[in-house]
1. Count, please, the residues in region 18-53 that happen to be at pLDDT 95 or above and closer than 18 Å to GLY66 by Cα.
2. Can you confirm whether GLU85 is closer than 30 Å to TRP406 by Cβ and within 16 Å of the ligand (Cβ to nearest atom)?
3. Of all residues in region 180-223, which are outside any strand (DSSP E or B), within 16 Å of ALA22 (Cβ to Cβ) and near the ligand (Cβ under 9 Å from one of its atoms)?
4. Is one or more of the residues making up region 160-170 modelled with pLDDT of 95 or more, part of a helix (DSSP H, G or I), surrounded by fewer than 16 Cβ atoms within 10 Å (Cβ to Cβ) and basic (Lys, Arg)?
5. Which members of region 397-412 meet the condition of being open to solvent by 30 Å² or more (accessible area, probe 1.4 Å) and touching a residue at least 60 places away in the same chain (Cβ under 8 Å)?
6. Output the residues belonging to region 263-280 that are assigned to a loop (DSSP other than H, G, I, E, B) and either at pLDDT below 95 or open to solvent by less than 10 Å² (accessible area, probe 1.4 Å) (or both).
7. Picking from VAL11, VAL50, which residue would you name as being within 24 Å of the chain's Cα centre (by Cα) and either open to solvent by 40 Å² or more (accessible area, probe 1.4 Å) or more than 20 Å from TYR159 (Cβ to Cβ) (or both)?
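The values are calculated or read from the model by the stated rules, or taken from the named source; none is laboratory data. The structure displayed is predicted, hence computed values, not measured ones. No Cβ is skipped: glycine too gets one built from the backbone with ideal geometry, and neighbour counts run over all protein chains shown. All accessible areas refer to the heavy atoms of the entire protein, side chains included, with ligands and DNA or RNA removed. Shrake-Rupley method; radii C 1.70, N 1.55, O 1.52, S 1.80 Å.
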Amino acid sequence: MNAHSPIETLVIVGGGTAGWMAAAAASRFLDDGRRKIVLVESEEIGTVGVGEATIPPILSFNAKLGIDEQDFVRATQATFKLGIEFVNWGGLGESYMHPFGSIGRDFDGVAFHQIWGKFRERAKLGPITDFSMGCVAAAAGKFAPSSSDPRSPLSQLGYAYHFDAGLYARFLRDYAEAGGVVRHEGKIAGAEQDAKTGFVTAVVLEDGRQIAGDLFIDCSGFRSLLLGQALGVPYHDWSEWLPCDTAFAVPSERTAPLLPYTRSTAHGAGWQWRIPLQHRTGNGHVYCSAFMDEDEACRTLLSHLDGAALAEPRKIAFTAGVRDRLWEKNVIALGLSGGFIEPLESTSIHLIQTGISKLFWLFPDKRCSAVERDEYNRMMREQFAYIRDFIVLHYKATARDDTPFWRMVRDMAIPDSLARKIDLFREKGRILRYDHDLFDIPSWVAVMLGQNIIPDGYDAVADALDDERVLAALRTLSGNYAEQAQRMPSHAEYIARFCLAPAMEAHA
Ligand code: FAD
């Protein structure tokens with residue numbers, strides 16, 4: 001075999017969000033007219049059925065696939081998401097917003113949060129999020145897409161989507177099948193491996209059919225049929241930092257107003273998500289089973305719904321962590337088969353997207369050279385670790401001591417990488433940002449300040465600016481956001497005007 005033995009058959013195992021995202025992207029970027037792309041899934045097993053909130057990079061995934069936003073929103077009963085509201089996280093009764101997009105504007109190269117830090121007491125400034133277009137719009141229940149005109153406050157707005165996970169997989173399936181992906185229905189019972197190399201050569205279905213391939217993308221969910229089961233790549237457990245291990249999920253009736261953001265409300269041993277869609281609201285309670293039993297977890301979830309439940313709560317158990325390697329031999333795991341970090345910042349679908357783009361960048365030939373594999377594994381390990389630290393921050397930086405769970409997470413040891421970040425921020429508000437860190441400075445600032453990590457000082461460079469000029473600019477900025485928000489349609493009006501799902505037209 002030489003470097004020019006291209007992959008002839010790519011097999012995707014699993015048809016959840018990960019499987020169909022991979023299939024859709026492969027049909028767009030890997031179809032050379034000869035390569036076969038096949039996907040195997042089992043309707044009987046089904047999908048995990050959650051995963052409905054996203055972050056802004058999903059816009060670029062859709063754009064690369066040539067997906068029209070309004071078609072996409074209509075087909076998936078989607079709504080727009082300007083950020084996440086965190087209730088009861090820093091302390092009971094407190095709330096803050098983690099908005100997408102930027103916060104304020106840097107002045108002559110000085111980061112906005114340093115300027116805010118310098119003037120916050122002197123000029124009696126409100127929370128830093130008053131200077132976020134996303135927060136101002138979210139508070140008013142408004143939505144409009146970002147603008148490419150840098151003079152418009154809308155250029156500072158970032159957004160993502162909430163969508164129905166089942167409809168999203170269906171949408172991508174139609175896209176992928178139209179692009180030539182061949183789907184096989186059936187339950188996989190095992191895998192064949194080459195005796196010498198250990199490479200997977202085929203998956204074997206319960207009815208005896210064999211589906212052979214050169215490269216396998218394992219999207220089989222928590223089962224991890226190929227990477228975990230066939231190849232035995234160990235799971236690196238992160239529950240010492242992320243102890244939540246169970247979720248109950250339940251849909252409820254849609255209520256008004258249609259909020260343009262996700263809400264995360266902390267409870268006694270975890271937190272509850274609220275994701276507004278066009279046709280219903282998605283809810284779930286993520287908690288630590290060592291501190292709360294199932295009955296109480298379910299009751300807590302149901303008693304915090306703002307509309308009638310539309311089904312029985314469904315239990316999902318998990319362990320936070322990641323496989324030691326996400327690419328082993330000729331198998332790459334995408335989605336839950338590779339690892340899972342609780343959905344507090346809606347990062348799992350993004351990790352699938354990142355995995356796809358890095359895999360396509362390093363797309364191998366039949367040998368799957370070690371250099372490509374190792375680089376993929378290094379980059380993906382890094383991505384998981386950055387996200388882990390960001391999520392752990394939400395637990396560690398709490399003043400809550402009302403339950404044993406909150407006392408435990410508040411006092412737990414944290415990864416050194418996060419400890420350094422918190423210490424630096426506490427000193428003079430500096431954000432230590434590593435290359436390729438998914439979350440940018442405004443995200444770290446919003447969560448650190450939102451959870452009451454207040455810097456002792458500010459960066460000396462802020463003193464080089466002219467104070468009067470800066471104060472005048474601050475007043476103009478906040479006025480601009482408020483005026484812009486007034487001109488925007490409500491979230492529900494925007495959807496009704498441009499992208500109402502056909503099934504909702506009767507209710508409009
Ligand atoms: P699955 O959806 O489980 O799909 C697995 C596929 O493999 C299915 O098609 C199944 O039929 C198939 N399969 C398995 N075994 C076999 C077999 N033997 N034979 C044939 N086929 C088989 N992510 C976000 O980005 N935002 C969120 O808000 C979010 N919320 C979440 C909430 C919870 C409680 C959980 C647990 C996860 C959440 N996630 C979220 C993560 C998100 O749900 C997943 O990343 C996403 O759905 C991808 O799942 P998957 O495709 O890897 O697995």
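1. Qualifying residue count, region 18-53: 11.
2. Values: closer than 30 Å to TRP406 by Cβ: yes; within 16 Å of the ligand (Cβ to nearest atom): yes.
Against the criterion (closer than 30 Å to TRP406 by Cβ and within 16 Å of the ligand (Cβ to nearest atom)), GLU85 qualifies.
3. Keep residues of region 180-223 that are outside any strand (DSSP E or B), which gives 180-181, 186-187, 194-199, 206-209, 213-214, 219-223.
Then keep just the ones that are within 16 Å of ALA22 (Cβ to Cβ); that gives 180-181, 213-214, 219-221.
Listed by number, the residues that qualify are CYS219, SER220, GLY221.
4. Checked region 160-170: at least one residue is modelled with pLDDT of 95 or more, part of a helix (DSSP H, G or I), surrounded by fewer than 16 Cβ atoms within 10 Å (Cβ to Cβ) and basic (Lys, Arg).
5. Narrowing region 397-412 to residues open to solvent by 30 Å² or more (accessible area, probe 1.4 Å): 399, 401-402, 404, 407-408, 410-411.
ALA399, ASP402, PRO404, MET408, listed by residue number.
6. Within region 263-280, the subset assigned to a loop (DSSP other than H, G, I, E, B) is 268-269, 277-280.
Scanning region 263-280 gives ALA269, LEU277, GLN278.
7. Numbers: VAL11 fails: within 24 Å of the chain's Cα centre (by Cα).
It is VAL50.
Matching residues to (1) under 21 Å from the mean Cα position of the chain (by Cα); (2) modelled with pLDDT of 95 or more; (3) open to solvent by less than 20 Å² (accessible area, probe 1.4 Å):
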{"site": "GLU185", "(1), (2), (3)": "no, yes, no"}
{"site": "ASP218", "(1), (2), (3)": "yes, yes, yes"}
{"site": "TRP241", "(1), (2), (3)": "yes, yes, no"}
{"site": "TYR261", "(1), (2), (3)": "yes, yes, no"}
{"site": "GLY282", "(1), (2), (3)": "yes, yes, yes"}
